[in-house]
């Protein structure tokens, strides 16, 4: 992007020392990072279907509805400070205090052209201009396209502070206790400025005759007839006729956590299989508050358009990777309150984005540690149980009916879960180990899934396609955790002190899983039908919220290996390789009566490979990580999470370095590193259909040069 930098820096300092004959230890640290990043992003609005009745192509042919491509330039700045003080006045007492503070800023510049196509007044030219391949129009031309040039700025400022104190006391030869108290707080503010420009407001101004064709990975490239980089043609306006010249959002979150843990240990006397027991309680209190404010941006004085101020111009951004050429580029941050007047968005769907969630957790635990022999085979491990009580609640606003009337709502639930576990390791006599683990596990819902906000909507179409016109969307403060019964078995073989391989299998029976959109009926009696809308055939509506579903599994196999080559060929000293492979299979049943689906975020195949050379202070490493297609959540319109099919990727990284081992530069290290050497793209699909590319992102390579000195 014009006006942005592609270089950054990283600095870290650490000081560690001891005093009072080793009884007092101090560690201080500081780290600074300024890291730029860049990506070219293509996002499709969606793909409606056209057919012979409305257009001269086969029925149910997909066509692009619109696109929002842009170039993103970002810069992350972070400063982190840490300090630790540890005092051991006697062999039986240790006191420690540690603190951490971080200030984070992420600023993004996004410039591009939003192109309304089929879902607009633009006209797709019929065949032979429109080319149909495999059921989708892959090339053609839209006439009358009214592009919306976007110069957006997103910023995130966050502060994180944490403080923890610990007391370790050995109050008898076989008994000890640890008191651990901690506090942390994160405060984050986001700002998002959308600034629109174009040839004129609404239908006014020149339009584009825009040819398009399909490029690699299914994304489109274009050939425009307009020059979007001409400041004499492009001005600040409302080119899409959306009733606004821009938009401004400023959501913020405050997340605070307090924890207390008291853990004791007792060691048993004599030659017993159970050597010791760990037991105690833990308490945590977490609250998260989200506040959202949004405004429409209007041109001051009711102007239809305003020339882009010369002082705000930063040249042009090149979108040739899309075929669109140059686009006008400017910084809109100085326009708020001057060129732009702010009009608050008081719609109920904005008001209900604010919420508070509180969660307290009380845990009691006991773990017995084992060290014995079974049939002459050494056996170590542990078994135990946790009892976890959770009390959660949320307060938020919601629409009490189909109008904008808002009411406050507080709702929550309490539950207790018992979580037994066992971990055993059998040491075989040939430098091998067999490990077996059994456990019932718990994973709590995300805080945003538990919010109490809710709203109603009414389908006023002539024939409602769901049998009712009433719908409700909400969070779910009654949501319970993901629960699983897990079995893990592994075999490990060691060759000397450095080489090994391991094979592991795992199976997780999902007692409960969380799905974002579980539908259930609700009674809409008493809700107000919008004025002029037809009556609903029934007062039973459809409610959608995150919910728990039962039934499913996650299973798989893992293989890992690490081999220094000189272990087998002495002449190859310094060379080596690390490798891991994972195969996953999964199934959940999100909605009764519908087919099972895969667990989101889980690839079927994952490979990590690294080859290296380390000798005489020199080191070189080449690493590759591969994961196959998977279903994942991405940030969509309105900052909501949306489930999409994410394509496989293979990322290659490399680094070389040297550490001086003598002379005046002794202990000085230099490093050169390249991340994503092959510029692997990120691609998502709609409905796992390779024809329907939703996102295509090229985020480029990152080069790092580093120097480190120890003294």
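The values are calculated or read from the model by the stated rules, or taken from the named source; none is laboratory data. Please read these numbers as outputs of a predicted model, since none were measured by experiment. No Cβ is skipped: glycine too gets one built from the backbone with ideal geometry, and neighbour counts run over all protein chains shown.
Within segment 197-207, take every residue that is in contact (Cβ under 8 Å) with a residue 60 or more places away in the chain and under 37 Å from the mean Cα position of the chain (by Cα) and give me the one that is farthest from residue 139 (Cα to Cα).
Checked segment 197-207; the qualifying residue farthest from residue 139 (Cα to Cα) is 201.
Residue pairs, Cβ under 7 Å, 6 or more apart or interchain, first in segment 578-591 and touching a residue at least 40 places away in the same chain (Cβ under 8 Å), second outside any strand (DSSP E or B). List them.
588/596; 588/599; 589/551; 589/596
Taking the options 356, 360, 416, name whichever one is touching a strand residue (DSSP E or B) at 6+ places or on another chain (Cβ under 8 Å), over 30 Å from residue 433 (Cβ atoms), buried (at least 18 other Cβ atoms within 10 Å of the Cβ) and modelled with pLDDT of 95 or more.
356
Quick one: what pairs do we get from segment 167-178, first residue within 12 Å of residue 90 (Cα to Cα), second surrounded by 15 or more Cβ atoms within 10 Å (Cβ to Cβ) and modelled with pLDDT of 95 or more, C-beta under 6 Å, 6+ apart or different chains?
Matching pairs, first to second residue: 168/94; 168/178; 169/177; 170/176.
Can you work out which of the residues in segment 107-154 that are surrounded by 19 or more Cβ atoms within 10 Å (Cβ to Cβ) and part of a loop (DSSP other than H, G, I, E, B) is modelled with the lowest pLDDT?
130
Please determine whether any residue of segment 456-463 is in contact (Cβ under 8 Å) with a residue 24 or more places away in the chain and under 22 Å from residue 440 (Cα atoms).
no
Filter segment 590-606 down to the residues that are in a strand (DSSP E or B) and buried (at least 16 other Cβ atoms within 10 Å of the Cβ), then identify the one that is modelled with the highest pLDDT.
606
Considering segment 559-575 alone, what residues qualify as being free of Cβ contacts under 8 Å to residues at least 60 places away in the same chain and within 15 Å of residue 620 (Cβ to Cβ)?
Within segment 559-575, 565, 572, 573, 574, 575 qualify.
Could you list, in sequence order, the residues of segment 283-310 that are within 30 Å of residue 394 (Cα to Cα) and touching a strand residue (DSSP E or B) at 6+ places or on another chain (Cβ under 6 Å)?
283, 284, 285, 286, 287, 288, 289, 290, 291, 294, 295, 296 - these are the residues of segment 283-310 that are within 30 Å of residue 394 (Cα to Cα) and touching a strand residue (DSSP E or B) at 6+ places or on another chain (Cβ under 6 Å).
Any chance you could count how many residues in segment 20-32 are in a strand (DSSP E or B) and modelled with pLDDT under 95? Quick ask: steps written out before the conclusion?
Pass one, segment 20-32, residues in a strand (DSSP E or B): 24-32.
Checking the rest, the ones that are also modelled with pLDDT under 95 come to none.
Matching residues across segment 20-32 total 0.
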